[in-house]
Structure formats: C-alpha cells, structure tokens
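Report on the structure given below.
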Amino acid sequence: MATRKAAALLEGRAGLPDTFWYSTKRRLLGPPLVNQDLGEQRLSNPLALGVLSPDGISSSAYGPEEILIVLVPAVGLAAFSLLLPMTLVILFVMVLVLLSYREIVMVYIRPGGSYVVARENFGPRIAQVCAVALLIDYVVTVAVQTSAGTAAVASAFPSVGPYKVEITVGVVLLMCFGNLRGLKEAGRSFAVPTYLFAGVVILMIVVGLIRDLLGDLPRYDPHTLQGAYALGSSTQGLLSGAMIFVLLKAFANGGASLTGIEAVSDAVGAFRPPEGVNARRVLMAEGAILGILVAGISWLAFRTHATPRTAGYPTVLAQEAQLVFGNTFVGHALFYLLQAATMLILYTGGNTSFNGFPFLTSYVAGDSFLPRWLLKRGHRLVFSNAIIVLTIVSVALIIIKDADVNSLVPLYAIGVFTAFSMAGFGMAKYHHRVKEPGWRRRLIINSSAGVMTAIVVAVFAVVKFTEGAWVVVVLFAVLVPALIRLNREYTAESEVLETISENQPPPPPHYARRAVFVFVDDFDLATMAGLRYARSLRPTTIRAVHFVIDNVQADKLRHKWTRADRGVPLDFIDVSDRRLTRAAAELVEREAAEPDTHVTVVLPRRSYSALLGRLLHDRTADKIAAVVSRIPRSAATIIPYDVESRVRVLQERQAAKIAAAGNADQHVRSGEADVAAQHSPAAGPPSVRPAKNGPRSAEATPAPSGELPGITPIGALATPGRATVEGRIRVVEIRPVERNSVLACEISDGTGQLTALFYGRSHIPGIVCGARVRFRGSVGFKDGHPVMTNPAYELLFPAV
C-alpha cells in the first residue's frame, strides 16, 4: 500500500507531460503498478483453480463430441458403443499425465513446467523442442476454446452462427484487454465460470443418471436429425486395418480432452507459498473434475445418441441438456444456464494461455532462445509483449480456420502431448539421477507417461497428417533450429560485449591530433547544436562537411553559412553517385590514416515523434554512424535535436515578439524608410571597390589569343611556376580568415589534385562541385600538394 502511495506522489509531481499514448494506456489499463507490487500478484488455490483450470475442464465440452465426429460416419450407431471404451483409454492416459505432473510441480517449483524439466535434464537446446510444442499449444488453445465457446452460443441462439468468426475474434481481444490490466484482475473475472460450468454439468449428469434409472431418459434417432453427420455402415471387423485406423483417429480427436492439464505446472510461480504444495492440490482437483465430466458426458451421449452436427451446433453437450432437463420452464432455464456456463468457461479457457504463455516466453527468452523484449513487464506488471503476440497469432489462426473446432483439433494435441512426453522422460531421468526415496516407483510412473504420450504424438502425426498436422510438423522443423540460431547469435554478442576480465584493462589511448567532422545538410538549430558539441570536445581541428547531391541546395547552404560566420570552415564534397555512407567512410578513413590521429564524426539529427519520424525521414545519420563506427580510430556521435519541443518554444517566443512588435512599430517603419532611401534609383548603383588581392575571372582578365600556353597535367607539376590546368571540381570549402573569408576549390584531372584559393570571396558563380574549370596562375606547394592563389579561371562545363 505504501508503495502505491509513493507511486501516486511521484506521479503528482510537476515534470514532463505524459505522451498521448501513455495517457491513453493509463486510461485503458489503469494506473501503473510499481515493482514492489509484483509480489502481490499471486493466486489463492480456489482462485488458481478458476484461472488455470478452464482450459482442461472445458475441453470436456467438446472432447467426446470429437470422438463421435470420427466414429459416426464410419460405424454408424456402433459409434455410441465404442465411445465408452475409447473414453476409458483417454482417462487412463489422463491419470498417467496427472501423476507425472504431480511430481513436476513438487520438484520444479519455478514456473515453466515441461520446459524447465526438459532444460534441466536434457539441456537447453533439446528443451527447445518442448518450448516450441508449448508455444504452439498455447496459441491453438486460444483458437479452439474460443471457437468452441461460439459454438455453445450458437447452440442456444442459432441465428448467431453465421457470425462466429467475428464473435470469436472479439472475445479474444476482450481477454487480451483483461490480462493487460493484470493477473489478479483477470483472475477474479474468469474464475466464476469454472465453478459454474462444473456444477451445472455435474447436475445434468446426476439428473440424467436418475432419469435413466427410472427409465425416463429420452433418446434421439440419429436417422431423423437434420444437419447431423451421415451414419456409416462399416462391416469391417474391429481388428481390420481400416477399423484400427478409424479407432486411432477417434482416439487422436478425443485426446483433445486432455489439453490444458500442463497449465498449472507452467504457472507455479503464480501460486501463494508454498507454491509446489498448492499447485499439486489444484492439479489433482482439476484432474478429478475433468475425469468426472468427460466420463459423464460420454455416458450421456451413449444413452441419448446425441449426434454431432456438420455445422458445429447444436453441440452434443447441448443436445444432452435438452433431453435431460426436459421442456419444462425449469428445464429450459437449466438448459440456457448450461449453455451460458459452457460459453463462459470455453471463452475463459483461452485465458489459461494468457497466463501460461507469458511465463513460458519469459523463461525461454531468459535463456536467450527468444527475443529479450519478451522479458519486459508492462504497465501492470504483466508480460505485455507476450500477451500481444499471443493475441495476434491466435486471431490470425481463428480467421484462417473460420473458427471451426474440428478444423483446429489436428493442430491441437501434437504440441501438448509432445510436452507431456518430454516432461515424463525428463522426470524419469531426474529420478534415475537423484535416486531420492521412492524413486523407482516415480521412475516407472514418469517413464510410462512418457512412453504413452509419445505413442499418442506418433498417432496424431500419422492419422491427422493430411488434416493439418503437417503444419505442426513443419513448424517444429522450422522453429526449433530458428530458436537455436537465435541463441547462438545472442551468445556471440555477449562474448563480443564482455568487458569484465581478470586482467587490468589497458590504459585509454592518447592521440596527438583529434579531428572532428560535423556533417551538415542544412544550416539550422540542429546544426548549431552539433557545432556546439563539437567545440566542447576541444579538438585539434574542426571542419563542417556537406556532401553535395543537389547543387541548388549546396548553394543555399553556402550563402547561409557565409552570413552566419560560425568560425568553422565548410567543405563541399561532391557525391555524384549519391552514396553518402561510402563518401563519409572514405573521408574518415583518409583522415584517420594520418599518424596518431583520432577522428570523431558529429551527426546532428532532428528528432520527431516515432511515427512521424519514420514516415518523413530515412534516418541517414544512423546509417552513417554505423559505417563510421567500423573504421579504426574513429567514432560517430549522434546529437539529437527535439524538433517537437523546440517548435513549442519557438511558438511561444513568436507570440512574445508579436506582442512586443506593437510597441516598436514606429521604430520599424523608420528603419524601413532608411533602407528604401539607400536602395532608391536616385542613389545610383552601389560602388564596388575591388580588393587589393581579389581574384580575377576569365572575363575580367582575358588571356590574349595565342598567348595561352598548353594544358599541364596536375600530376606533372613538380616545381613552382606558372601553369594552366584543367579539372573537375571535387570539393568547395569556405574558410574564415579573421574578418575575411577564403574560397578553397579542389580540382582533379585524373593525374592529381590541385587546390585554388580565392581570398576575399565566399562564392563565385559556377564554381560548384561537379563543374569543369580551367585555372591559370602561379603554382606553389604546401605540404607537397600544388596550390594556386587567386588564379584566373574559366568555366568550361557547368555542373549538371
């Protein structure tokens, strides 16, 4: 309670305003829980039975019906006689699975169930088979349970049948919302249907037994039922190959009745201490209820001949209720109560996955076999990302399979029985290794469960292969290697990033020269923020660089930079192929190749809202930073500039200026009059006084015809003297010199590079990157490179 008050006080303090998305999430999900509240999200045994058992208990509503769907078209009325022994076999398998999981929840207290058992006994890689099995099971559980719930609704109100997909998807989204609010809130709302369903179905079984003993229980005639599966008339013996295949197929369908038992072991951490003891009690209570319901519903189907319908409704359970409860007012009331309870428990049966799936993914992600963002707890201390992933995948499955239970069953039990098998074999290995008191008995139980469930998996894979089981087999073949590959990637990253070692780390390097490049694409506040940061590094040299893709944009930037006079030279580097990252890498590599030099690239980046930023910008700064960071003795630093917040600040300042403009209106008008007088025609053109050492253009100082010497290759320039050279402009740079400026232009003719310096100039028309020019003048050398000062120039081919 104290932690919640503290959280409320913190939220009440003045600070940054909440974003729109956070405010929306808070309204939908409620106030956030603090980490100290995590221990409060635990379940009592009655609440745990209601939350974690709906999946297992509710499967009794469609398990016997799935057996009849296979048997009725094959053997006709004999299906009802075969239903009872088939049910006994399934209940025998259920007992073995329960006894196996009874040991699991006592030995492995931590949540994770079958996955933890497989990991601890077979290693993390083999355990991924179990992880994939459980992940598939949880996803299909949501689809099957909610689709069956819709069938229960349609059994009571057939008019809603055509809208079963829409109803089912809506219920899944509602469950997602409830679980995002927190485990306890979801548990309270989903616990009641478990007890209501179990109570009403047991009442129906008891009433049916009494009416049958009294000889008053009616029976359907399957031949006259409209929409029912056609009755088969197989004359094959029970030991014939075709009949054995039918029985195995029916057994595979009926195995869906056992799904959901593992949910308790996958959420042991959600129980109150002692977790293992409480989980065992809930597990055995769930098994007892499930056994009674499956046996009772199968017996009533045998006595009433309730036949499954091709449309999926009315269900076998609904048909049984109609006959058992009768046509009286009370009977109708109990029928609708049973359908309501069936609808609720089947819908909430999917909630078991919303509790177990996030716990499982967190453990697998903790072992680095799933993305680590699945470890993140959300607003209400639940694994929100896992809940959202489960919702998306299960909704897609519902839409693809048209919310048809019979179409989903082939995808269902392979996953869960694979987990049963690995859990059984894992516990058998544990008992053989530990040899605790009574280990031989436990070894036999777990080994028997492992063998039996492995046989069930094989049966499913064979008899249901063409009906959809092949999809699960393919998923196993794809996902297991994918998870192992993801783990290998995480392991490699951890080894690279590991910095802790027994040896003392080497001292930081000391560089004699530190160069800083500020990459700019425009001159604005973001660029100025980058320049301020670059100066704070106290580098040896600092240069601004613009990669020229658009000459018009480069020309605008040149004018802005000259007027601002920031004291930092601006280089223009032509990038004719528009490969910015490569040009940046080449520039940094050349600079870093200098001895004892470290290069830092500063990249101003304008930050927008997440959605708007991705739509409007291609995040070039991130791409350049990624390339530069790979170059030795270099680093890239991105300087974010929050445009959205600055826009608000500028708007406030603009409003203040407008308010102050009225007080200075007269002063502004007088200033405008002075400017107009200076530029009036009567004043004449402004005088232009050439600089003493100003540059000469080809037009100003034309070369006399016939006196023009031959063109000298730049690479042939070896001694000072006069020369004429031609080349293509690669770099244009403005260099501030005290209160003046120098325009530096680098040309290349394929044999070498030459730099021309125009003092007193910041811009010369036509002298832009990409243009081809001819320079004539005196050649000097600086650091071994040829240099011309104020040469005569001639524009040969303008830039395109």
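Looking only at the stretch 368-393, how many residues end up being at pLDDT 80 or above, open to solvent by less than 40 Å² (accessible area, probe 1.4 Å) and either farther than 26 Å from Glu166 by Cβ or out of contact with any helix residue (DSSP H, G or I) (no Cβ under 7 Å at 6 or more places or on another chain) (or both)? The number of residues fulfilling the criteria is 5. Of the residues screened, Ile202 is not one that is surrounded by 23 or more Cβ atoms within 10 Å (Cβ to Cβ) and touching a helix residue (DSSP H, G or I) at 6+ places or on another chain (Cβ under 8 Å).
In the set (1) in contact with a Phe, Trp or Tyr (Cβ under 6 Å, 6 or more places away or on another chain); (2) over 26 Å from Asp565 (Cα atoms), the condition left unmet by Leu743 is number (2). Can you find even one residue in the stretch 112-130 that is under 26 Å from Ala396 (Cβ atoms), in contact with a helix residue (DSSP H, G or I) (Cβ under 6 Å, 6 or more places away or on another chain), at pLDDT below 90 and of a type in the set (Ser, Thr, Tyr)? Yes, there is a match, as at least one residue in the stretch 112-130 is under 26 Å from Ala396 (Cβ atoms), in contact with a helix residue (DSSP H, G or I) (Cβ under 6 Å, 6 or more places away or on another chain), at pLDDT below 90 and of a type in the set (Ser, Thr, Tyr).
Taking the stretch 561-574 as the range and being modelled with pLDDT under 85 and either open to solvent by 70 Å² or more (accessible area, probe 1.4 Å) or among the hydrophobic types (A, V, I, L, M, F, W, C) (or both) as the test, the residues that pass are Arg563, Ala564, Asp565, Arg566.
No other residue among Ala131, Ala118 is open to solvent by less than 10 Å² (accessible area, probe 1.4 Å), touching a residue at least 60 places away in the same chain (Cβ under 8 Å) and more than 19 Å from Val456 (Cβ to Cβ) apart from Ala131.
Flag not set for Ala365, criterion: among the small types (Gly, Ala, Ser), more than 26 Å from Tyr490 (Cβ to Cβ) and without any contact (Cβ under 8 Å) to a residue 12 or more places away in the chain. Within the stretch 476-511, the set of residues being modelled with pLDDT of 75 or more, open to solvent by less than 100 Å² (accessible area, probe 1.4 Å) and in a loop (DSSP other than H, G, I, E, B) comprises just one member, Tyr511. Number of residues in the stretch 735-787 that are open to solvent by 10 Å² or more (accessible area, probe 1.4 Å), touching a residue at least 60 places away in the same chain (Cβ under 8 Å) and closer than 16 Å to His559 by Cα: the value is 8. State yes or no: is Asn385 outside any helix (DSSP H, G or I) and without any contact (Cβ under 8 Å) to a residue 60 or more places away in the chain? Spelling it out, it is not the case that Asn385 is outside any helix (DSSP H, G or I) and without any contact (Cβ under 8 Å) to a residue 60 or more places away in the chain. In the stretch 750-765, is there at least one residue being among the basic types (Lys, Arg) and modelled with pLDDT of 85 or more? Looking for residues that are among the basic types (Lys, Arg) and modelled with pLDDT of 85 or more, one finds none in the stretch 750-765, hence no. If you check Arg619, Arg590 for being charged (D, E, K, R), at pLDDT below 80, closer than 30 Å to Thr540 by Cα and out of contact with any strand residue (DSSP E or B) (no Cβ under 7 Å at 6 or more places or on another chain), only one passes: Arg619. Does the stretch 449-458 contain any residue that is open to solvent by 20 Å² or more (accessible area, probe 1.4 Å), within 21 Å of Leu360 (Cα to Cα), assigned to a helix (DSSP H, G or I) and modelled with pLDDT under 90? The answer is no, given that none of the residues of the stretch 449-458 is open to solvent by 20 Å² or more (accessible area, probe 1.4 Å), within 21 Å of Leu360 (Cα to Cα), assigned to a helix (DSSP H, G or I) and modelled with pLDDT under 90. When Leu408, Leu397 are checked against the criterion of being open to solvent by 10 Å² or more (accessible area, probe 1.4 Å), part of a helix (DSSP H, G or I) and within 30 Å of Leu174 (Cα to Cα), a single residue qualifies: Leu397. Of Val129, Val72, Val89, all but one fail to be in a helix (DSSP H, G or I) and either within 38 Å of the chain's Cα centre (by Cα) or closer than 23 Å to Ser362 by Cα (or both); the exception is Val129.
Of the candidates Val294, Val207, the single residue that is open to solvent by 30 Å² or more (accessible area, probe 1.4 Å) and modelled with pLDDT of 80 or more is Val207.
On the stretch given as the stretch 310-321, residues that are crowded, with 21+ Cβ neighbours inside 10 Å and either under 21 Å from Leu77 (Cβ atoms) or in contact with a Lys or Arg (Cβ under 6 Å, 6 or more places away or on another chain) (or both) total 7. Any idea which residue in the stretch 210-223 is modelled with the highest pLDDT, counting only those that are among the hydrophobic types (A, V, I, L, M, F, W, C) and surrounded by 12 or more Cβ atoms within 10 Å (Cβ to Cβ)? The qualifying residue modelled with the highest pLDDT is Ile210.
Being crowded, with 18+ Cβ neighbours inside 10 Å and either closer than 15 Å to Gly424 by Cα or basic (Lys, Arg) (or both): is that true of Leu96 here? Taking the combined requirement at face value, the residue satisfies it. Using the structure shown, decide if Tyr363 is closer than 24 Å to Ser265 by Cβ and touching a Ser or Thr at 6+ places or on another chain (Cβ under 8 Å). In short, no. The helices (runs of 4 or more DSSP H) found wholly in the stretch 212-326 and carrying at least 3 residues that are closer than 17 Å to Leu83 by Cα occupy 241-254, 275-304, 316-325.
Here Glu103 meets each of (1) closer than 25 Å to Gly232 by Cα; (2) touching a His at 6+ places or on another chain (Cβ under 9 Å) with one exception, condition (1). Any residue in the stretch 788-796 that is acidic (Asp, Glu), outside any strand (DSSP E or B), touching a strand residue (DSSP E or B) at 6+ places or on another chain (Cβ under 6 Å) and in contact (Cβ under 8 Å) with a residue 24 or more places away in the chain? No, the conditions are met nowhere in the stretch 788-796. Could we say that Val601 is at pLDDT 90 or above, under 19 Å from Leu757 (Cβ atoms) and under 41 Å from the mean Cα position of the chain (by Cα) here? In short, no.
Elements of the type strands (runs of 3 or more DSSP E) sitting completely within the stretch 526-611 and holding at least 3 residues that are over 20 Å from Arg728 (Cα atoms): these cover 541-548, 597-607.
If you filter the stretch 21-80 down to residues that are open to solvent by less than 50 Å² (accessible area, probe 1.4 Å) and aromatic (Phe, Trp, Tyr), you find that the one that is modelled with the highest pLDDT is Phe80. Looking only at the stretch 559-583, residues that are touching a residue at least 60 places away in the same chain (Cβ under 8 Å), of a type in the set (D, E, K, R) and more than 13 Å from Phe523 (Cβ to Cβ) come to 2 in all.
The values are calculated or read from the model by the stated rules, or taken from the named source; none is laboratory data. As the structure is a computational prediction, the values presented were derived from the model and not from experiment. With ideal geometry, Cβ positions are generated from the backbone for all residues, glycine too; neighbour counts draw on all protein chains shown. Quick note on the areas: whole protein, heavy atoms, side chains included, nothing else; ligands and nucleic acids left out. Shrake-Rupley method; radii C 1.70, N 1.55, O 1.52, S 1.80 Å.
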